[in-house]
Amino acid sequence: RTNESLTITGTKTWIDGGVNRPENLTIVLWRQAKGQEPKRVDAEPEWSHKDTDTWTFTYTGQPEFDSEGRKYTYWVEEEKVNGYDGYHGETGLELVNVERGSLTVAKNVTGSRGDRTRRFTFTVTMQDTVVNGVTLRAADIDGTYGGMTFTDGTATFTLADGESVTASGLPGGMAYTVTEAEANESGYHTSAEGSQGVIPAGGTAQALFVNYRGSSGSNGGGGSNVGGGGGHRYVDTSGGCPGAGG
């Protein structure tokens, strides 16, 4: 069986901001018959639907069987695209390119008793996430990404008041969480925005933590009652409540 021919069609899906895509891609078609070595096919694809997020490529006139009648299996590989991570979808003919993004973690300390020099400990944990049928594995985030160093998807670091750190080159679409070890301890009230979310493809997620520690008590110090000594009121200008008069 050597005279049959195939039309091979696949897709290229972009998960990105739509701004940094290249105009053209380099992909290579491969085939292999059972028990034989893989062979590169000398052919160029035809592209369509390039005005959408899912491009289509087509190879025509490819043999279905080798000279001994063994059926070919086909798949494609692509040349790496700068700024993107490349994945195969459910088959060897589905390609997915995910644009990388960033995560910034920032720390502010407020209140009259907030220690601006104290360092607080943070942990960023990336999470396995399925994007367009492709599993982005947290364990693959390993090494230095901008200002953070990850081991199996986890990075730990410290920040003081007014400091921030940014992890860059993270897969767009991957979920994350950020936690502070000392949250709501030592008289601080901790609030956070963006402590969990998804890395935006081609953008930057923001996680801001604020620790507030105001006056040591809610009541103002009182004057002596002997002889009608006058009391006083105080106001914590950092946002605390006014104390009661003595």
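The values are calculated or read from the model by the stated rules, or taken from the named source; none is laboratory data. Everything numeric here is computed off the predicted structure, so don't read it as measured data. A quick note on method: Cβ atoms are made from the backbone with ideal geometry, for glycine too, and the neighbour counts reach across all protein chains shown. All accessible areas refer to the heavy atoms of the entire protein, side chains included, with ligands and DNA or RNA removed. Shrake-Rupley method; radii C 1.70, N 1.55, O 1.52, S 1.80 Å.
General observations
- Accessible-area value, T117, 1.4 Å probe, nucleic acids and ligands omitted, Å²: 110 Å²
- The range 60-126: equivalent-ellipsoid semi-axes (sqrt of 5 x gyration tensor eigenvalues, Cα, Å): 56, 11, 8
- Sites listed here are GluC sites (Glu not before Pro) in the range 84-118 whose DSSP assignment is loop and whose Cβ has at most 15 other Cβ atoms within 10 Å: E90.
- All distinct Cα pairs of the range 37-183 go into the 1/r average, and the inverse of that average, the Kirkwood radius, is 19.0 Å.
- Residues of type lysines that K50 reaches as a straight line, Cα spacing below 29 Å, ignoring anything fewer than 8 places off in the same chain: K12, K39, K80
- Cβ-based net charge around M126, under 12 Å, with every Lys or Arg adding one and every Asp or Glu removing one: -3
- Apportionment of accessible area to carbon and sulfur, the range 94-152, percent (1.4 Å): 42 percent
- Fraction of alpha-carbon pairs over 16 Å apart in the range 129-168 - percent: 47 percent
- Largest accessible area first, the residues R31, R119 order themselves as R119, R31 under a 1.4 Å probe with ligands, DNA and RNA left out.
- Cα convex hull of the chain, projected area averaged across orientations, nm²: 17.9 nm²
- What the Kirkwood sum gives for the range 1-115 is a hydrodynamic radius of 16.9 Å, with every pair of different alpha carbons counted.
- Probing with 1.4 Å while keeping every protein chain in the model, the per residue accessible area of the range 1-104 equals 59 Å².
- Under 19 Å from K34, Cα to Cα: lysines that are on another chain or at least 8 residues apart: K71
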